[in-house]
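Take a look at the following structure, please.
The values are calculated or read from the model by the stated rules, or taken from the named source; none is laboratory data. Model, not experiment: these values are computed from the prediction. For neighbour counting, all protein chains shown are included, and Cβ atoms are generated from backbone atoms with ideal geometry for every residue, glycine included.
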Amino acid sequence: MENIPIPALVTFAIYLIGMIMIGVYVYRRTHTLGDFVLGGRSLNSTTAALSAHASDSSGWLLLGLPGWAYAAGMDAIWMIVGLAIGIYMSWLLVASRLRVYTAKADDALTLSAFFEYRFEDRSRMLRLFSAVIILVFYTLYVSSGLVAGGLLFGKVFGMDATTAMAVSVGVIVIYTFIGGFLAVSYTDVVQGMLMVVALVIVPLVAVAAIGGFTPLFSGIAAKEPALLAIGRQASFNAETGIWEAGGAFGLIAIISSMAWGLGYFGQPHILARFMGIRSAAHIRSARRIGMTWVITSMLGALLVGLAGIVYFDAPLGDPETVFLELIDALINPWIGGFLLAAVLAAIMSTADSQLLVASSALTEDFYRAFMKRDASDDSLVWIGRFTVVAVAIVAFVLALQGGGVLDLVAYAWAGFGAAFGPLVLLSLYWRGVTRNGALAGMIVGAGVVVLWRQLGTPMGLYEMVPAFVLSGVAIVVVSVITSASLPSKQATDLVGSAHE
């Protein structure tokens, strides 16, 4: 791929122009900050479901997860199981209640605004701390998308990493700047369909090229039997190109892998889809659509990695390129161009959502909350647009520092999951949470994630686990201690009620 491939160039251009046209189309429907941030709460079931999971499934789904399966084999199944459970439970336990509650909470447009209403926080500290957490971890999250975009453009067009990431951030910012939430949601539908089609076609073509599933599994066993043993660890040495068996895939490793599912309760860009759906009555069908998409996509990603182990005689230098390499080796260049666009779709569908939530935090939770409460809708929309650009620039600078796609995602995912997940659940189901308990849980969750990572993840335990647990404990303990300052009945009258 040293020369610029014309089929990929043409198909990428068609795809990118289509995304920008969607942004232009919905520009005329974006008049208020509510339109820009939540699309006027107008998403139907299909759009909400595909947008929620396309925005969730960044470069980790088409690059990180196949790369993990390529390097570690069937060990990756634990993460898939944990994610599937987490996704289902977030739709079941959170989606409907959050949609109804945020609409009542002075039409809260952000998670921070919901917390402020729910806990009657006149000090505005909940809004401030949650907005800071959103900005910090989303900047890291967007950086992971830019690294993935750099990997894609570098592989396909032979660009150097800096230029490739600059192109990535440019195309993402354009349509997010123009169309806001509706542009992001509608493009997510197209991107989600591209992604699932690619994750069905590529692994099936690869398995067919190998000769079927029997040669696939026998070929994997020939490389290293531990790759097929769910209860044993396997690892890939990129320098030697050899897979090596490790010890037992113990309880800590299983818990760490499955703990990814806990993150769904606290991801603001996914929760925003719950808040933006047309009504709680649409939740049930959206859940079914979303789960079908998620399970199909993740199993396809697993199969991509496993097929790559057998298909390539020479081991890959970077496991996270296995999806790109299979397309290059097996697919007609014109079809392959659209399948490669699915990788770009995965990257863009997440980065645009994250940029929008970070922009919302700056606009709604900093500027309007602390600087100019009477700002006009028109000025707020434009401030929102320009903060998209500002966050993207900071993320670009961080992306230049390097790091693996999955590693960056894991850090940000844990940050949100632990800081907001326990608080979202308890705020919807327990009237006993106080403002101080909420603040303590948020700070403890985010703080433990950072501390655990700085300590080198002791025992190999994913930072999500101790941070999520300790955040929940902090909320309960501090709320009990400060129970004299419970929120009023007006703020808590929807707690625990069923809305679906």
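Just checking, how many residues over region 459-483 are among the polar types (S, T, N, Q) and outside any helix (DSSP H, G or I)? Don't jump to the end; show me each part of the working.
Of the residues in region 459-483, the ones among the polar types (S, T, N, Q) are 471, 479, 482-483.
After this cut, where a residue has to be outside any helix (DSSP H, G or I) as well, the list is 482.
Adding up the residues that qualify gives 1.
OK, next. Could you look through region 417-466, keep only residues that are more than 19 Å from the chain's Cα centre (by Cα), among the small types (G, A, S) and surrounded by 15 or more Cβ atoms within 10 Å (Cβ to Cβ), and pick out the one that is nearest to S479 (Cα to Cα)?
Step by step, filter region 417-466, then rank; the result is G437.
Can we say G456 is in a loop (DSSP other than H, G, I, E, B) and not polar (S, T, N, Q)? If you could, list the steps in order and put the result at the bottom.
Values: in a loop (DSSP other than H, G, I, E, B): yes; not polar (S, T, N, Q): yes.
Judged against the criteria, G456 is a match.
Return yes when I327 is modelled with pLDDT of 85 or more, in a helix (DSSP H, G or I), over 20 Å from S235 (Cβ atoms) and more than 26 Å from the chain's Cα centre (by Cα) and no when it is not. Let's see the steps before the verdict.
Details: modelled with pLDDT of 85 or more: yes; in a helix (DSSP H, G or I): yes; over 20 Å from S235 (Cβ atoms): yes; more than 26 Å from the chain's Cα centre (by Cα): no.
So I327 fails the test.
Are there any pairs, at least 6 apart or on different chains, whose C-beta atoms fall under 9 Å, with the first in region 312-335 and free of Cβ contacts under 8 Å to residues at least 24 places away in the same chain and the second surrounded by fewer than 24 Cβ atoms within 10 Å (Cβ to Cβ) and among the small types (G, A, S), and if so, which?
Taking only residues 6 or more apart or on different chains, the pairs are F312/A329; A329/A209.
Sticking with this structure for a sec: Looking at T46, is it surrounded by fewer than 24 Cβ atoms within 10 Å (Cβ to Cβ), modelled with pLDDT of 80 or more, under 19 Å from A148 (Cβ atoms) and of a type outside the set (K, R)? First the steps, then the outcome.
Details: surrounded by fewer than 24 Cβ atoms within 10 Å (Cβ to Cβ): yes; modelled with pLDDT of 80 or more: yes; under 19 Å from A148 (Cβ atoms): no; of a type outside the set (K, R): yes.
In short, no.
Hey, another quick one. Are there any pairs with C-beta distances below 9 angstrom linking a residue in region 111-133 that is closer than 15 Å to V444 by Cα to a residue that is part of a helix (DSSP H, G or I) and β-branched (V, I, T), with the two at least 6 apart or on different chains, and if so which?
F129/I443; I133/I443
Next up: What's the total number of residues in region 247-278 that are surrounded by fewer than 16 Cβ atoms within 10 Å (Cβ to Cβ) and not aliphatic (A, V, I, L, M)?
Residues that pass the stated criteria total 2.
Something else: Could you pull out the residue among L146, L135 that is buried (at least 19 other Cβ atoms within 10 Å of the Cβ), within 21 Å of the chain's Cα centre (by Cα), at pLDDT 80 or above and not small (G, A, S)?
Details: L146 fails: at pLDDT 80 or above.
Exactly one of L146, L135 is buried (at least 19 other Cβ atoms within 10 Å of the Cβ), within 21 Å of the chain's Cα centre (by Cα), at pLDDT 80 or above and not small (G, A, S), namely L135.
Report, by residue number, each residue of region 77-120 that is under 22 Å from S485 (Cα atoms), acidic (D, E) and surrounded by fewer than 21 Cβ atoms within 10 Å (Cβ to Cβ).
D106, E120, listed by residue number.
Does region 195-208 include one or more residues that are at pLDDT 80 or above, surrounded by fewer than 16 Cβ atoms within 10 Å (Cβ to Cβ), of a type in the set (A, V, I, L, M) and over 30 Å from Q354 (Cβ atoms)?
Yes, region 195-208 has at least one match.
A further question on this structure: Go through the residues of region 60-76 one by one and say whether even a single one is surrounded by fewer than 24 Cβ atoms within 10 Å (Cβ to Cβ), part of a loop (DSSP other than H, G, I, E, B) and either touching a residue at least 60 places away in the same chain (Cβ under 8 Å) or at positive phi (or both).
No - not one qualifying residue is present in region 60-76.
Restricting attention to region 149-159, and to residues there that are in contact with a helix residue (DSSP H, G or I) (Cβ under 8 Å, 6 or more places away or on another chain) and of a type in the set (G, A, S), which single residue is surrounded by the fewest Cβ atoms within 10 Å (Cβ to Cβ)?
Filtering region 149-159 for residues in contact with a helix residue (DSSP H, G or I) (Cβ under 8 Å, 6 or more places away or on another chain) gives 149-157, 159.
Next, only the ones that are of a type in the set (G, A, S) stay: 149-150, 154.
Values: G149: 29, G150: 28, G154: 20.
Among them, the one singled out is G154.
Quick check on my filter: what residues within region 211-254 are of a type in the set (S, T, N, Q) and modelled with pLDDT under 90? Please lay out each step first, then the result.
From region 211-254, those of a type in the set (S, T, N, Q) are 214, 218, 233, 235, 237, 240; that's our starting set.
Listed by number, the residues that qualify are Q233, S235, N237, T240.
May I ask you to verify whether S257 is at pLDDT below 95, hydroxyl-bearing (S, T, Y), more than 17 Å from the chain's Cα centre (by Cα) and under 30 Å from L93 (Cα atoms)? First the steps, then the outcome.
Values: at pLDDT below 95: yes; hydroxyl-bearing (S, T, Y): yes; more than 17 Å from the chain's Cα centre (by Cα): no; under 30 Å from L93 (Cα atoms): yes.
Judged against the criteria, S257 is not a match.
Moving on to the next point. In this structure, does T292 turn out to be free of Cβ contacts under 8 Å to residues at least 40 places away in the same chain and within 18 Å of the chain's Cα centre (by Cα)? Break it down stepwise before answering.
Working: free of Cβ contacts under 8 Å to residues at least 40 places away in the same chain: yes; within 18 Å of the chain's Cα centre (by Cα): yes.
Spelling it out, T292 is indeed free of Cβ contacts under 8 Å to residues at least 40 places away in the same chain and within 18 Å of the chain's Cα centre (by Cα).
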